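Contents: one structure, followed by commentary.
A short reminder: the numbers here are calculations on the coordinates, not readings from a lab. Keep in mind the model is a prediction, meaning the values are calculated, not measured. No Cβ is skipped: glycine too gets one built from the backbone with ideal geometry, and neighbour counts run over all protein chains shown.
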Amino acid sequence: MVSLTIPGERDVLDRSLTHAAGNDHVIIEALSKRYPGQAVDALHNITLAIRRGEIFGIIGRSGAGKSTLIRCLNRLENPTSGRVVIDGTDISALSRKQLVAWRRNTGMIFQHFNLLSAKTVRENIELPLKVAGVPAAERARKVDELLALVGLVERQHAWPSQLSGGQKQRVGIARALVHDPDLLLCDEATSALDPETTRAILALLKKINQQRHITIVLITHEMDVVHDLCHQVAVIDKGEIIERGPVWQVYSDPRQETTRQLLNPHFQTLPPEIESRLSAERKNSASRLAVRLRYTGQGARPDIGALAARVSGEITLVYSAVEWVESKPTGQLLLLLDARYEANIVPHELANLADRLEVLGYVTGY
Ligand SMILES: Nc1ncnc2c1ncn2[C@@H]1O[C@H](COP(=O)(O)OP(=O)(O)OP(=O)(O)O)[C@@H](O)[C@H]1O
């Protein structure tokens, strides 16, 4: 379980999922997109599979290609090459008319809500049903159901200008669900909201996923959104997927520098006061060995008692950040061991106490 690892040494990365046959909801195959007049692809050779009922996050920096990718999933953008297969349907093969009907199975919510200012909350939610020719009684029933789901019954006659950002997004979510879609696409759905409202909207999306078994694909530049909501994540950089896997895994053990930067401050680099005192060789008899124990959800647990029993003498806990993601411990402990410990004996002493052990070097004068 334990491996001695020098940070940055490991090569990267394809932690592709092993998908249960027949359970894929969205399949993206070798998708590339180049906008007219551009010299480079906005998306290059993207291949991804998203399972039915999961919440799949796509994260990346500004300009990485997130919006382009999510818009290719309902053909708001057409790929230059490759294809998107949803529920067994190759959506690039659909005619305009088929596409209109097909899109009812796919709800979409947007960062800026896209509500009609001259219609009330109730009317905004009802509108797509009217356009689809749904009878009035059925429309009323559906709107009532969705108002209750998103917690807006009391605000149903308000105008969008009278709503908070979070309430506007609740309207956007209700409107996206009017046709009972089995896929919901979220385009930076919480980016315009404050942290508390973001949490409430993420909780609503989680409830919708659990109660209605809707597959959710969301794009975001916020790692917290992925952490709090998603089961799986793909990291996109310069139009390519550079890393992907279960959230707990990517979160606890990012392989790519871009991912680490997105994760900051969760993925802690060394505290400056340690880094400045760190050397590869022991400087004097008081130099202490710095080790980082990483928990990446592979099975090891941060068992302080076992640690103390295994390592004798003074142990200084310099930094600790372990949290439980999907019931798996993820994070790290940074320790300075007793001065007599040498780099070459430590892995044996600490065997099985971490998923990954990094011997960082000797710290003098801390
Ligand atoms: N309509 C367009 N025409 C030409 N280039 C475009 C167009 N839309 C996007 N791009 C370019 O494609 C690349 C990917 O853009 P995209 O909007 O998909 O990225 P993003 O990750 O969603 O960024 P952001 O988080 O800033 O919205 C960028 O270089 C962008 O400038």
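Kindly provide the Kirkwood hydrodynamic radius of the chain in Å, to one decimal, from all pairs of distinct alpha carbon atoms.
Across the chain, the inverse of the average 1/r is 23.0 Å.
Taking the Cβ of LEU263 as the center, what net charge do the other residues with Cβ under 14 Å away carry, scoring Lys and Arg +1 and Asp and Glu -1?
Net charge in that neighbourhood comes out at -4.
Taking amide H atoms as placed 1.01 Å from N in the peptide plane, list the residues 5 or more away in sequence, or in a different chain, whose amide H sits under 5 Å from that of VAL325.
THR330
Find how much the distance from ALA158 to LEU116 grows on full extension, using 0.36 nm per residue of separation minus their present alpha carbon separation; answer in nm with one decimal.
Contour length minus the Cα-Cα distance gives 13.9 nm.
When each pair of different Cα atoms in region 272-363 is counted once in the 1/r mean, what is the Kirkwood radius in angstroms, to one decimal? Show your work: numbers first, answer last.
Numbers: mean 1/r = 0.0745 Å⁻¹.
Computed over Cα pairs of region 272-363, the Kirkwood hydrodynamic radius comes out at 13.4 Å.
How long is the gain from ASP180 to GLU257 if the chain were fully straight, where each residue apart is worth 0.36 nm and the alpha carbon distance is subtracted?
On the way: separation 77, 0.36 × 77 = 27.72 nm, distance 3.95 nm.
That pair, ASP180 and GLU257, stretches by 23.8 nm at full extension.
Using the Karplus curve 6.51 cos²θ - 1.76 cosθ + 1.60 with θ = phi - 60°, what ³J(HN,Hα) values do you get for each residue of region 91-103, in whole Hz, with x for Gly and Pro?
Computed from phi, the couplings for region 91-103 are 6, 6, 8, 6, 6, 3, 5, 4, 4, 4, 5, 5, 4 Hz.
Excluding residues on the same chain fewer than 8 positions from LYS142, give the aspartates and glutamates whose Cα lies under 14 Å from its Cα.
In chain and number order, the partners are GLU123, GLU126, ASP180.
What percent does the relative contact order of the chain come to when contacts are Cα pairs within less than 8 Å and at least six residues apart? Numbers along the way, then the final one.
Details: 707 pairs, mean separation 77.6, N = 366.
Value for the chain: 21 percent.
Work through the residues other than LYS328 whose Cβ is under 13 Å from its Cβ and net out their charges, Lys, Arg +1 and Asp, Glu -1.
With Lys, Arg at +1 and Asp, Glu at -1, the neighbours total -2.
How high is the FRET efficiency from LEU278 to VAL322, r the C-beta distance, R0 22 Å, rounded to 0.05? Please list the in-between numbers first.
Numbers: r = 22 Å, r/R0 = 1.00.
Once rounded, the FRET efficiency stands at 0.50.
In the neighborhood of ILE70, defined by Cβ-to-Cβ distances under 13 Å, what is the net charge if each Lys or Arg adds +1 and each Asp or Glu adds -1?
Spelling it out: positives minus negatives among the neighbours equals +1.
On C-alpha positions alone, give me the angle between the axis of helix 165-176 and the longest principal axis of the chain, in degrees, nearest 10.
Helix 165-176 and the main axis of the chain meet at about 60 degrees.
Trypsin sites (Lys or Arg not before Pro) within region 117-188: which are DSSP loop residues with at most 16 other Cβ atoms inside 10 Å?
Answer in residue order: LYS119.
Helix 136-150: angle to the longest alpha-carbon principal axis of the chain, degrees 0 to 90, nearest 10?
20 degrees
Under 5 Å between amide hydrogens, which residues at least 5 positions from ILE109 or on another chain qualify, with H placed 1.01 Å from N in the peptide plane?
Amide H to amide H, under 5 Å and 5 or more residues apart or across chains, ILE109 pairs with LEU185, CYS186, ASP187.
Considering the zone a paramagnetic label at GLU123 would reach in this model (a point 7 Å from Cα along the Cα-to-Cβ line), which residues of region 159-192 have amide N under 14 Å from it?
159-162
Nearest-5 percent of antiparallel DSSP beta bridges in the chain?
Here the share of antiparallel DSSP bridges comes out near 70 percent.
Please tell me which of these pairs span more than 20 angstrom C-alpha to C-alpha: LYS66/LYS238; LYS33/LYS238; LYS168/LYS206; LYS207/LYS328; LYS66/LYS207; LYS206/LYS238?
Pairs exceeding the cut-off: LYS207/LYS328; LYS66/LYS207; LYS206/LYS238.
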